[in-house]
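Structure first, commentary second.
The values are calculated or read from the model by the stated rules, or taken from the named source; none is laboratory data. These numbers come from a predicted model, not from an experiment. Positions of Cβ are backbone-derived with ideal geometry, glycine not excepted, and every protein chain shown enters the neighbour counts.
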Amino acid sequence: MSEITQARRVVVKVGTSTLTYENGKLNLRRVESLCRVLSDLQNGGREIILVTSGAIGVGMGKLGLHERPSETEKKQALAAVGQCELMFIYDKFFSEYSRTVAQVLLTGGDVDDERSRRNVVNTFEQLLQMGVIPIVNENDTVGTDELVGSHIGDNDTLSAIVAQLTQADLLILLTDIDGLYSANPRTDPDARRIPYVAGVTEDVIALAGGAGTNRGTGGMATKVRAAARVNRGGIPCCVMSGANPENLYRLFDGEQIGTVFGTKRPSTQKA
């Protein structure tokens, strides 16, 4: 597990289904725990970048909506409401552990244009050097790439892009399931978790299935694609449950948690 335990610069992505209850409102106990653990990991010498979903989902909960709207304009409005609430909560909880955070909102153009991409990279580097935890989301209020399902498309992909831009040592995707399974664990009692994947193949992609929840845009398929993307750049990825953020300690202590998409063959690294 040296790929994991020795990682210094870590991108952690948390999904809407992990951050919120079924009614869309923030799960404050879980968010507080996540902020505490990430603050402690930073205290221990790691550089932390948090990629957060949830703006539209939190906006839905704040406005009492139960179905994600299909109209782009409505989703943009919900994102504007929800992003404000998200950052307020993150700033409050991280401040309790003497951590400073910065909001970084990105669009597809920010990473496609060479000059803009360099500015993004420089901003991340300066924030990390100053001990700040960047909190990243796609700028849904002005950019429609994610909303209409094109280009970046989802925050799993965004987190992979951020990991590549910042030359991270590890990408962690926190979700509502504890890894990749041999079948759908919600319907198949014989499904088993796959602890280690050395190379994303068509068979692995097929295991990932389809879309996510009503509150989010992702699913295991987007996580497998994100893992494949960072693996090509030599960055390992771990997909694990975000229900208990303290399991991040176990991961960095070398325990086998979730599914690790590694850049080394199993013969050279214990799963």
Note to self: Criterion first (more than 14 Å from the chain's Cα centre (by Cα) and within 24 Å of residue 31 (Cα to Cα)) does residue 171 satisfy it?
What the structure shows: no
Item checked: Residue match in the range 23-34 (condition: outside any helix (DSSP H, G or I), under 30 Å from residue 252 (Cα atoms) and in contact with a Phe, Trp or Tyr (Cβ under 8 Å, 6 or more places away or on another chain)) -> yes
Next item on the list: Taking residue 261 as meeting all but one of (1) of a type outside the set (Gly, Ala, Ser); (2) within 27 Å of residue 21 (Cα to Cα); (3) buried (at least 17 other Cβ atoms within 10 Å of the Cβ); (4) at pLDDT 90 or above, write down the number of the exception.
Entry: (2)
Check: residue 51 is checked against (1) aliphatic (A, V, I, L, M); (2) in a strand (DSSP E or B); (3) surrounded by fewer than 23 Cβ atoms within 10 Å (Cβ to Cβ) and fails just one. What number does that condition carry?
Finding: (3)
Item checked: Filter result (over 23 Å from residue 43 (Cα atoms) and within 19 Å of the chain's Cα centre (by Cα)) within the range 88-109 -> 105, 106, 107, 108
Check: When you go through (1) over 23 Å from residue 22 (Cβ atoms); (2) out of contact with any Ser or Thr (no Cβ under 6 Å at 6 or more places or on another chain) one by one for residue 97, which number turns out not to apply?
Finding: (2)
Note to self: Condition first: modelled with pLDDT of 95 or more and of a type in the set (Asp, Glu). Now tell me which residues in the range 1-44 satisfy that.
What the structure shows: 32, 40
Note to self: Need the failing condition index for residue 191 against (1) under 21 Å from residue 236 (Cβ atoms); (2) modelled with pLDDT of 90 or more; (3) among the small types (Gly, Ala, Ser), just the number.
What the structure shows: (1)
Next item on the list: Mind listing whichever residues of the range 1-12 are buried (at least 18 other Cβ atoms within 10 Å of the Cβ) and within 13 Å of residue 168 (Cα to Cα)?
Entry: 3, 4, 7, 10, 11, 12
Notebook entry, point to check: Can you tell me which residues in the range 76-125 are of a type in the set (Phe, Trp, Tyr) and within 22 Å of residue 9 (Cα to Cα)?
Noted result: 90, 93, 94, 97, 124
Check: Restricting the range 54-68 to residues that are buried (at least 24 other Cβ atoms within 10 Å of the Cβ) and either closer than 12 Å to residue 86 by Cβ or of a type in the set (Phe, Trp, Tyr) (or both), which is nearest to the chain's Cα centre (by Cα)?
Finding: 54
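Here's the yes/no breakdown for (1) outside any strand (DSSP E or B); (2) on the phi < 0 side of the Ramachandran plot; (3) in contact with a strand residue (DSSP E or B) (Cβ under 9 Å, 6 or more places away or on another chain); (4) modelled with pLDDT of 95 or more:
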| position | (1), (2), (3), (4) |
| --- | --- |
| 116 | yes, yes, no, no |
| 134 | no, yes, yes, yes |
| 145 | yes, yes, yes, no |
| 150 | yes, yes, no, no |
Note to self: If I filter the range 177-205 down to residues being part of a loop (DSSP other than H, G, I, E, B), of a type outside the set (Gly, Ala, Ser) and touching a strand residue (DSSP E or B) at 6+ places or on another chain (Cβ under 7 Å), which single residue comes out as farthest from residue 247 (Cα to Cα)?
What the structure shows: 200
Notebook entry, point to check: assigned to a loop (DSSP other than H, G, I, E, B) and modelled with pLDDT under 95: does that describe residue 213?
Noted result: yes
Next item on the list: Kindly provide the set of residues from the range 235-263 that are on the phi > 0 side of the Ramachandran plot and under 16 Å from the mean Cα position of the chain (by Cα), ordered by number.
Entry: 258
Next item on the list: Kindly indicate whether residue 91 is over 27 Å from residue 4 (Cα atoms), of a type in the set (Asp, Glu) and surrounded by 13 or more Cβ atoms within 10 Å (Cβ to Cβ).
Entry: yes
Item checked: Which listed residue, of 70, 98, is touching a residue at least 12 places away in the same chain (Cβ under 8 Å) and assigned to a loop (DSSP other than H, G, I, E, B) -> 98
